[in-house]
Amino acid sequence: FVHLWCKHLLQNKRSQIMGLDTTHDAWHGAYSSFNQWRKWIALQIGIDLYKMEGFGGEISWDTVKDDLKYLLNHSDCDGYITSLRCKKIAVRLKEIIGDRKVPEDWYSSEDEDAYFLYKTKQFMKGCKLAHNRNERLEFH
């Protein structure tokens, strides 16, 4: 349900969306959608977010060696990701999704993976842009 609501919001003017907004067009949408997407990304690399510190669990992020921890453990309402970390995150996201294509009908698809794939590519593109400009990706 969350992904369908967020798709509906994306079809409207972005200025009307309340929630998380980042620089470099990496993310625009509901906080709940961002957190569902991060949960999906975490599952792709074998992490259950709900077992991690900050998500109700007790596992320390210090035990995670994957560069995606800088995205997964990031505040969903403020702060920034450095240019260097953006590059590392973009590389890891590309490794996860490979050459998978976003279905043309992802807006109307009931398949959450289609929505998350679209959002992954959008975030990856924003991270690359921030890195190429030697800028940090800011969360608002």
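The values are calculated or read from the model by the stated rules, or taken from the named source; none is laboratory data. Please read these numbers as outputs of a predicted model, since none were measured by experiment. Because the Cβ atoms are built from the backbone with ideal geometry, glycine has one as well, and the counts that use them run over all protein chains shown. Ligands, DNA and RNA are excluded from the accessible area calculation, which covers all protein heavy atoms including side chains. Shrake-Rupley method; radii C 1.70, N 1.55, O 1.52, S 1.80 Å.
Ignoring any ligand, DNA or RNA, what whole percent of the accessible area of the chain comes from carbon and sulfur when the probe is 1.4 angstrom?
Carbon and sulfur together cover 49 percent of it.
Applying the Karplus parametrisation 6.51 cos²θ - 1.76 cosθ + 1.60 with θ = phi - 60° to the phi angles of segment 68-79, what ³J(HN,Hα) value in whole Hz is obtained for each residue in order, glycine and proline being reported as x?
Result, rounded to whole Hz: 5, 4, 6, 8, 5, 9, 7, 4, 9, 9, 7, x.
Using Cα centres only, tell me the gap between segment 30-44 and segment 107-140 in whole Å.
If we compute the Cα centre of each part, the gap is 12 Å.
Pick out which of Phe34, Phe123, Phe55 has the largest mean-square fluctuation in a Gaussian network model of the chain, springs linking Cα atoms closer than 10 Å.
Phe55
If the elastic network links every pair of Cα atoms under 10 Å, which of Cys77, Cys127, Cys86 fluctuates the most in the Gaussian network model of the chain?
Of the options given, Cys77 has the highest mean-square fluctuation.
Scan segment 66-121 for GluC sites (Glu not before Pro) in coil per DSSP, keeping those whose Cβ has at most 14 other Cβ atoms within 10 Å, and list them by number.
Glu104, Glu110
Which option, [x] 1.07; [y] 1.15; [z] 1.00, is the value of Cα Rg over 2.2 N^0.38 Å that was calculated from these coordinates?
Matching the structure shown: [z].
What longest region of the chain stays clear of trypsin sites (Lys or Arg not before Pro) that DSSP places outside H, G, I, E and B and that have at most 14 other Cβ atoms within 10 Å?
Of all site-free stretches, the longest is 14-64.
So with the 1.4 Å probe, I'd like the accessible area per residue for the chain, rounded to whole Å².
Computed with neighbouring chains in place, this is 56 Å² per residue.
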